[in-house]
Amino acid sequence: MMAKRSIFVLALCVQLVSVIASCCNGAEKLLERNWRQCVYKNLNDGRDSGLIKECLFYKKSADTGLRVFYNGDLRLYNCHHCCRRWYFTFNGVECSAPQAIDGVVYMRHGNNAQKNLHRVREIDGVCERVPKGIVRVGFSVGNCVGFGTADAFTGWNSVSRIYIEEVPPPQA
């Protein structure tokens, strides 16, 4: 019984090593991370629509993805049943593989000029099929589907950042 269990465990270990080897072909390259962050102190951008900031990034391979995130203050002001959408673009186009990288802020009952709630938020995701070379990673604000314009604000009285990292392709 003990011999059969040992053989079974050994077979599992061999399979695990095989999976690790196939997933991590060129494991030494995993140590060579390619990333960048653009940091803005007191960004204080009151635009309600359009490009907030752009961060240039050199992508080394066409086979990899780009992980991006924004961390910083976002807010809506003085509106009822309103919504703004913040999103990433890559060379001026939103991600389509697998989907857009975005986040929304919605407010109900805020049109009494007393709701001016600034909150630190994070919008995070991976975009696939971005070509290699220089990539203009943009962070923009605009309308939510089904809503009109509302008073947005980005990066008030704090540090905001756009982080970009080239990541290996996803599992098959």
Out of Arg129, Arg119, Arg108, sole residue that is over 12 Å from the mean Cα position of the chain (by Cα) and closer than 17 Å to Phe57 by Cα:
Arg129
Which strands (runs of 3 or more DSSP E) sit wholly inside region 44-98 and have at least 3 residues that are open to solvent by 60 Å² or more (accessible area, probe 1.4 Å) and farther than 13 Å from Pro131 by Cβ?
50-59
Of all residues making up region 121-156, the number that are farther than 28 Å from Asn91 by Cβ and part of a strand (DSSP E or B)
1
Residue hits (region 104-120; in a strand (DSSP E or B) and either surrounded by 15 or more Cβ atoms within 10 Å (Cβ to Cβ) or free of Cβ contacts under 8 Å to residues at least 40 places away in the same chain (or both)) are Val104, Val105, Tyr106, Met107
A careful count of residues in region 133-154 that are surrounded by 15 or more Cβ atoms within 10 Å (Cβ to Cβ) and of a type in the set (Val, Ile, Thr) gives 4
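Anything in region 55-82 that is at pLDDT 95 or above and farther than 15 Å from Ile123 by Cα? List them, or say none. Reasoning before the result, please.
If we filter region 55-82 for residues that are at pLDDT 95 or above, which is where we start, we get 55-74.
Passing the criteria: Cys55, Leu56, Phe57, Tyr58, Lys59, Lys60, Ser61, Ala62, Asp63, Thr64, Gly65.
The values are calculated or read from the model by the stated rules, or taken from the named source; none is laboratory data. Because the structure is predicted, anything quoted here is derived from the model rather than measured. So basically every Cβ, Gly included, is an ideal-geometry build from the backbone, and we count neighbours across all protein chains shown. Quick note on the areas: whole protein, heavy atoms, side chains included, nothing else; ligands and nucleic acids left out. Shrake-Rupley method; radii C 1.70, N 1.55, O 1.52, S 1.80 Å.
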